[in-house]
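The values are calculated or read from the model by the stated rules, or taken from the named source; none is laboratory data. Small disclaimer: the values here were computed from a predicted structure and weren't measured. For neighbour counting, all protein chains shown are included, and Cβ atoms are generated from backbone atoms with ideal geometry for every residue, glycine included. For accessibility, only protein heavy atoms count, side chains too; no ligands or nucleic acids. Shrake-Rupley method; radii C 1.70, N 1.55, O 1.52, S 1.80 Å.
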Amino acid sequence: MSSVLLVLSGARVWSLKDGTQHPTGYWAEEFVTPYRLLIEAGHDVTIATPGARVPVADEASLGDESGPELRAYLDTVKDLLESPARLEDVDPAGYDAVFIPGGHGPMQDLAVNPDVARILAAMLPDDSKVVASLCHGPAAFLAAGDAEGNWLFKGRKLTAFTDEEETQAGLADNAPWLLETRLRAGGAVFESAPAWASHVVVDGNLITAQNPASAEAAGQAILAKL
C-alpha cells in the first residue's frame, strides 16, 4: 500500500480585494470523498497543514443536501483533523503521492507557502510519485519553482476551478486574483469542461480536477495511479 500526504489549508478566511475577510477553509466534499476512497483501499494517509493549524471545513460546503452526511463523516475523523502534521516537518521522500483539496483556503495560504512548494519541487519531477489536486487546490502550485526559478508546472496539462465558475459563484469581481488566469499566465496548458461538470486531467504523474463535482473522479484517478 502507498503513503499519501494530504495537504489541507489552515486558512479560515480569504482576503478579498475590498478588504473583506470571506469565511473559508477546505471544501468538505473535496476532502471527504478522495480521503474515504484512499483509506478504504488500504492506503496510509497523513494530513498536514501549515504550522499544524487545525483545518476547518468551509461552512458553505456543508449547506446542501449532502451536508449532514459530510458532517457525520468529518466527525468520525475529528481526532485526525485536530492533530495534523506540520507541513514544515514533512519529508516528501516518505510519500508516494501528495493530494491537495480545494476550497478558497488554498488561495489564502498554500498559494504562497514555501513548504508546499518544497514538497512539490521534490515530487513532481519524480515520475514514481503522484501529484494530485482538486478545484482551488492547484493554487498551491503557484509558488513551486525549480532551482533555476522556472515554474514547475509550465507546459503541464492541468485543470482547476475556472474563472467562469468563480464568476457564477459570485466571487470573481472581488477576488484579488483568479486561479485559472494565474495558471494560464504561468504557462500551464489549462483544460476545462463546462462549468460545474466533473472533469479530470491526467498528465503523466500529475492529476488535477476542476470542481467539487470532480471529487469522486479525482479520487478514482489517484487510486488508478497508485
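Extension gain for the segment residue 193 to residue 85, taken as residue separation times 0.36 nm less the Cα-Cα distance, is 35.4 nm to one decimal. Decide, for the chain, between rounded, prolate and oblate: order the square roots of the alpha carbon gyration tensor eigenvalues as a ≥ b ≥ c, take rounded if a/c falls under 1.5, and otherwise choose prolate if a/b is larger than b/c, else oblate. It is rounded, given that a/c, with a ≥ b ≥ c, falls under 1.5.
When nucleic acids and ligands are ignored and a 1.4 Å probe is applied, residue 182 ends up with an accessible area of around 100 Å².
Using the 1.4 Å probe convention, the accessible area of the chain works out to 41 Å² per residue with neighbouring protein chains retained. Taking Lys and Arg as +1 and Asp and Glu as -1, the other residues whose beta-carbon sits under 12 Å from that of residue 33 total -4. When you filter the GluC sites (Glu not before Pro) in region 47-137 for DSSP loop state and at most 12 other Cβ atoms inside 10 Å of their Cβ, you are left with 65, 82. Expressed as a whole percent, the accessible surface of the chain that belongs to carbon and sulfur atoms is 50, based on a 1.4 Å probe. Computed extension gain for residue 157 through residue 72, at 0.36 nm per residue and net of the alpha carbon distance, reaches 27.0 nm.
For the chain, what is the mean residue ellipticity at 222 nm derived from helices alone (per DSSP H run of n ≥ 4: -39500 (n - 2.57); sum divided by total residues; nearest 500 deg cm²/dmol)? Don't jump to the answer; show the numbers that get you there.
Numbers: 8 runs with 66 residues, N = 226.
Mean residue ellipticity, 222 nm, calculated: -8000 deg cm²/dmol.
Residue 129 contributes about 30 Å² of solvent-accessible surface, heavy atoms of the protein only, 1.4 Å probe.
Could you name the aspartates and glutamates in cross-link range of residue 129, using Cα to Cα under 16 Å and dropping any fewer than eight places away on the same chain? Excluding near neighbours in sequence, the set is 44, 91, 96, 203.
Residues of region 103-122 with an amide N closer than 20 Å to a point placed 7 Å from the Cα of residue 46 along the Cα-to-Cβ direction: 110, 113-122. Per-residue extension of 0.36 nm, minus the Cα-Cα distance of residue 22 and residue 174, leaves a gain of 53.7 nm for this segment.
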